[in-house]
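Read through the structure below, which is laid out as structure tokens, and then see the notes.
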Amino acid sequence: MRRSLGIFALCSLYIVAAPAAPVQAATLTIHATELAFLAAAGGPVASQDFEGYAIGTDLSGVAFLTGVSATTNMDDLQVFGAADHRLFGTGGRSSGDARYDIALSLPTRALAFDIDAFESVPGESSTAASPGIVTVWFADLTSRSFNVSGNLTGAAIFIGLTSDTDITSVRWAEALEANNLGNEETALDNFRVVQRQVPEPTSLLLAGAGLVGLLARKRR
Ligand SMILES: [Ca+2]
Ligand SMILES: [Ca+2]
Ligand SMILES: [Ca+2]
């Protein structure tokens, strides 16, 4: 009797913790300043500025924050820079399809980063002739894209994202250069992330399996 009660309690726990079916598409809020992002994101915020990595470190697919990693379709993804270390794809832009893909493996509703060195200067053909595109994918399998334009100096462009639905990945597709020879080179830096502190249904099930085992052993 005690055993079946225990199993019943665990099953109820699982049902409560199972993710609910989405009732509407994700709502994304784009913040232009870190202040606005932090106010909406809550906490705790984990951040990565890459200053602790040596120049040239290969970070393709490597978690640089817990549950946060990046890949690219460019030649490589490494720590690059001098005074300021950043994430950078060092080659492979001639196709005009260069992009960075940020993967989030933990429940995340707030992510921010800087797009650096995104120059768009009238009359300079080695700078951007068009905007780049940020695309955000959500756990309900919907996505949303928006344009980001460069500036005269390559000054950091803050991208702050908060959502009512978990964000699973974010793509930064670089802009095309005016000379049509490929993409305008940009780097990423200063990632900030806020993860939801919830137990995964799978770990609840694992914990449940352990408890069932304990109850069974107690009965023997
Ligand atoms: Ca940095
Ligand atoms: Ca350029
Ligand atoms: Ca550039």
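Read-outs throughout are calculated quantities, based only on the coordinates presented, and are distinct from any laboratory measurement. Values in this document were obtained by computation on a predicted structure and should not be read as measured data. Because the Cβ atoms are built from the backbone with ideal geometry, glycine has one as well, and the counts that use them run over all protein chains shown.
Brief remarks follow.
- Label point at LEU106 placed 7 Å out along Cα→Cβ; residues across region 148-191 whose backbone nitrogen lies under 19 Å: 161-170, 190-191
- In this calculation the C-beta distance from ASN180 to ALA155 is compared with R0 = 22 Å, giving a FRET efficiency of 0.30.
- Calculated from backbone phi, Karplus (6.51, -1.76, 1.60) coupling profile of region 159-173 in Hz, x at Gly/Pro: 10, x, 10, 10, 8, 8, 10, 4, 8, 9, 7, 9, 10, 10, 9
- Long-range HN-HN contacts of ASP76 with modeled amide H, under 5 Å: THR90, GLY91
- Within region 147-164: backbone nitrogen closer than 18 Å to the THR27 label point (7 Å, Cα to C-beta): 161-164
- Principal axis dimensions, region 26-200 - Cα atoms, whole angstrom, descending: 51, 34, 29
- Between the amide H of GLY182 and those of GLU177, distances stay under 5 Å, these residues lying 5 or more places away or on another chain, with hydrogens modeled in the peptide plane.
- Taking amide H as placed 1.01 Å from N in the peptide plane, GLY150 has its amide H under 5 Å from the amide H of GLY132, each at least 5 places away in sequence or on another chain.
- Per-residue 3J(HN,Hα) values for region 103-119, derived from phi via the Karplus relation 6.51 cos²θ - 1.76 cosθ + 1.60 with θ = phi - 60°, read 9, 10, 9, 10, x, 10, 10, 8, 9, 9, 7, 9, 9, 9, 6, 9, 8 Hz in sequence order (x marks Gly and Pro).
- Vicinal HN-Hα couplings computed from phi for region 95-101 (Karplus, 6.51 cos²θ - 1.76 cosθ + 1.60; Hz; Gly/Pro x): 6, x, 10, 6, 8, 10, 10
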